[in-house]
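Below: the structure, in structure tokens.
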Amino acid sequence: MKNDRRLTNQIDYLFGKELTQVPYVPYSENWTHDHCAFCSETIDETEKDAYCTEDRYHWICKDCFNDFKEMFNWKITEQK
Ligand SMILES: [Zn+2]
């Protein structure tokens, strides 16, 4: 997993973050979708299982969440 090609420098900004599993909400009104921080898969309003940081700026698809959750030591918070 250490050499996973999806990994770039996410450890610098996503390590130990609190994540929430929510239906997709655009960070900006002008945005219609986002991309997974790891695999770049499109995350849009049809995506119900993605995880995001508290500021809803970084999104992580469910597959990548499951693959990287131990490495990144994420904390899951309930949806507010
Ligand atoms: Zn992904």
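The values are calculated or read from the model by the stated rules, or taken from the named source; none is laboratory data. Keep in mind that what you see is a predicted model, and the values were worked out from it rather than measured. Here Cβ is always computed from backbone atoms with ideal geometry, including for glycine, and neighbour counts include all displayed protein chains. SASA here: full protein model, heavy atoms, side chains in, ligands and nucleic acids out. Shrake-Rupley method; radii C 1.70, N 1.55, O 1.52, S 1.80 Å.
In units of the compact-protein estimate 2.2 N^0.38 Å, segment 17-76 shows a Cα radius of gyration of 1.02. Computed extension gain for LYS75 through SER28, at 0.36 nm per residue and net of the alpha carbon distance, reaches 14.5 nm. Apolar share of the accessible surface for the chain: 44 percent from carbon plus sulfur atoms, 1.4 Å probe. Taken about its Cα centre, the chain carries a charge dipole of roughly 280 debye when the Cβ of each Lys and Arg holds +1 and the Cβ of each Asp and Glu holds -1. Here's the picture: charge each Lys and Arg Cβ at +1 and each Asp and Glu Cβ at -1 in the chain, and of CYS36, PRO23, CYS64 the one pushed furthest to the positive end of that dipole is CYS64. Relative to the longest principal axis of the Cα atoms of the chain, helix 62-72 runs at roughly 50 degrees. Partner aspartates and glutamates whose Cα lies under 15 Å from the Cα of LYS48, excluding those fewer than 8 positions away in the same chain, are identified as ASP34, ASP63, GLU78. Note that segment 17-76 presents 58 Å² accessible area per residue, ligands and nucleic acids not counted, probe 1.4 Å.
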